[in-house]
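What follows is a short report on a single structure.
Just so it is clear, none of the values below were taken in a lab; they were calculated from the coordinates. Just so it is clear, the structure is predicted and the values come from calculations on it, not from any experiment. Heads up, the Cβs are rebuilt from the backbone with ideal geometry, glycines too, and the neighbour counts pull from every protein chain shown.
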Amino acid sequence: MNNPMLTESELTILGLVAEAPRYGYEIEQIIDERNLREWLKIGSSSIYYTLDKLKSQKLLTITTRDNTTDPSQKIYNVSEAGYGVLQTAIVDLLRQSRPLGAGFELGLVNLSLQTPQQAHTALWQHYLDLQKHIERVENQWLRWQEENEIVPDHVWALYSHHLAIAQAELMWLAEFLEEWRRRHPAVTIDPEADIDALDTSQRPTPTHRHDTEETLKQIQRLKRPSTPSEG
């Protein structure tokens, strides 16, 4: 059969069921426990719809208890075809690079259509929001390690990759905003922005480089935590 094109939500749910047969409500719980909505678009109301769609594509099978029609009592399993589609999709995702020209890059392409002040205000807000996002994800990652004795490879990979990219973008924004203000001296920082609440090591300054002490600490935190078997 031809491999169907899976959406983020479909691929995520298929992957969770591939880990182990699950009830629909279990999938919802795992999505929340792993904070998957932090980086994936998964709507709560669409989970059963997605499960039914995957079943209609013969990627999932269903077993029930006592022949009940209650959807909450259905146990979902990955079919042989579903496992093959999942493996192919994972390989495709891991080997592809992200294309430019969408989202943030599209905004940069049209930067000249904004006044220097408008562009700075938008990027400064991006900087503030990104810093809060990094702090939130770092706290989630630390809490995950504290609550789980062994950190699975896929959890470590997801958090470390996401944080590394976010921190690199934060550094770029800091340097870009500094240069933007040099190019456009009339630009001012949004007076409503809570500058004092920022970590001083991450405020936009000319010395904010990849070899700063704070950056080295961040990179150190991304290293894979030891598991009991690793000592």
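Total residues in region 139-161 satisfying the condition of being free of Cβ contacts under 8 Å to residues at least 40 places away in the same chain and outside any helix (DSSP H, G or I): the figure is 2.
All of (1) under 16 Å from the mean Cα position of the chain (by Cα); (2) closer than 24 Å to Ala81 by Cα hold for Gly43 with one exception: (2). Which residue pairs have Cβ atoms closer than 8 Å, lie 6 or more positions apart in sequence or on different chains, and pair a first residue in region 171-188 that is surrounded by 12 or more Cβ atoms within 10 Å (Cβ to Cβ) with a second residue that is of a type in the set (Phe, Trp, Tyr)? Listed pairs, sorted by first residue: Leu173/Tyr127; Ala174/Tyr127; Leu177/Trp124; Leu177/Tyr127; Val187/Trp180.
Which of the residues that make up region 1-43 are part of a loop (DSSP other than H, G, I, E, B), under 29 Å from Arg65 (Cα atoms) and without any contact (Cβ under 8 Å) to a residue 40 or more places away in the chain? Passing the criteria: Ala20, Ile42, Gly43.
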